[in-house]
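Following: one structure in structure tokens, then a few remarks.
The values are calculated or read from the model by the stated rules, or taken from the named source; none is laboratory data. Only a predicted model underlies this, so the values are computations on that prediction, with no experimental measurement involved. Note that each Cβ is placed from the backbone with ideal geometry, even for glycine, and that neighbours are counted across all protein chains shown. Side chains are part of the model used for accessible areas, which takes the heavy atoms of the whole protein and leaves out ligands, DNA and RNA. Shrake-Rupley method; radii C 1.70, N 1.55, O 1.52, S 1.80 Å.
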Amino acid sequence: FKSHTKPVPGNHEYKTAGAAGFYGYFSGLPKYYKFTLGAWTLYALNPYVAAGPGSAQAAWFADQLKADPNRCQIMYWHPPYVSSGADHGNSDAAATLFAIGYEHRVEIALAGHDHVYERFAQMNPARRVEPGRGVRLFTVGTGGAPNDGFGAAKPGSLKRARGHGVLQLTLGDAGTYAW
């Protein structure tokens, strides 16, 4: 599966300098990148390297979104922007990237880190529900590590689950999708 895996590093990968093991295994993988899948463009982003205002990554992401002919877009990275997970919860590491995605009407944000499944309503950068305009967020950290617990549900949390599994997204044309 390595040939068609499109990974992003997490906090554990950075326990070695520069995530050397991760980037050694996925040789040639840039720190952040994009690829297309049917009518969709997916942006693999990395808040563990400079990702704030004025960073090269933020400028690249904004430029790519401006020029993207696909209006169906997903952004993903490791720590969730919004999460009710008891161990980690919200992370501001990708706040600038989330705001850029919101500005350009990215449909979906995917994250892991918290070892739970949680789906949110469409949210804006202030972490408030914004139906019809916001970004739908999924935290899917259910890949095999022991499950974490939940704290109090954050505003906009629609579904929370513990257990192991995967998220299957069905991506259609013109921004339609199902899970």
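Here are the numbers:
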item: For L37, residues with placed amide H under 5 Å, excluding near neighbours; result: L42
item: Area projected by the alpha carbon convex hull of the stretch 55-157, averaged over all directions, nm²; result: 6.4 nm²
item: Accessible area, probe 1.4 Å, largest first, for residues F138, F26; result: F26, F138
item: Residue-wise HN-Hα coupling along the stretch 88-102, computed from phi with Karplus coefficients 6.51, -1.76, 1.60 (Hz; x: Gly, Pro); result: 10, x, 4, 10, 8, 4, 10, 4, 5, 5, 4, 4, 5, x, 4
item: Residue-by-residue Karplus 3J(HN,Hα) for the stretch 145-154, coefficients 6.51, -1.76, 1.60, Hz, glycine and proline x; result: 5, x, 5, 8, x, 10, x, 4, 4, 6
item: Cβ-placed point charges (K, R +1; D, E -1), dipole of the chain about Cα centre in debye, nearest 20; result: 180 debye
item: Mean residue ellipticity (222 nm) of the chain, computed from DSSP H runs ≥ 4 via -39,500 (n - 2.57), nearest 500; result: -4500 deg cm²/dmol
item: Total formal charge among the other residues, if their Cβ is under 13 angstrom from that of Q122, Lys/Arg +1 and Asp/Glu -1; result: +4
item: Average accessible surface area per residue within the chain, 1.4 Å rolling probe, Å²; result: 48 Å²
item: Charge sum, other residues only, whose C-beta stays under 13 Å from C72's C-beta, Lys/Arg counted +1 and Asp/Glu -1; result: +1
item: Within the chain, percent of DSSP bridges classed antiparallel, to nearest 5; result: 60 percent
item: J(HN,Hα) series, the stretch 155-171, from Karplus relation 6.51 cos²θ - 1.76 cosθ + 1.60, nearest Hz, glycine and proline x; result: x, x, 5, 9, 8, 10, 8, 10, x, 9, x, 10, 9, 9, 9, 9, 9
item: Environment charge of P146, counting only residues whose C-beta is closer than 14 Å and scoring Lys/Arg +1, Asp/Glu -1; result: -2
item: Under 5 Å, built H, 5+ apart or other chain: amide partners of L137; result: A109, F120, M123
item: Pairs of lysines in the chain (C-alpha under 19 Å apart; 8 or more residues apart or interchain); result: 6
item: List H88, H104, H4, ordered by accessible area with a 1.4 Å probe, largest first; result: H4, H88, H104
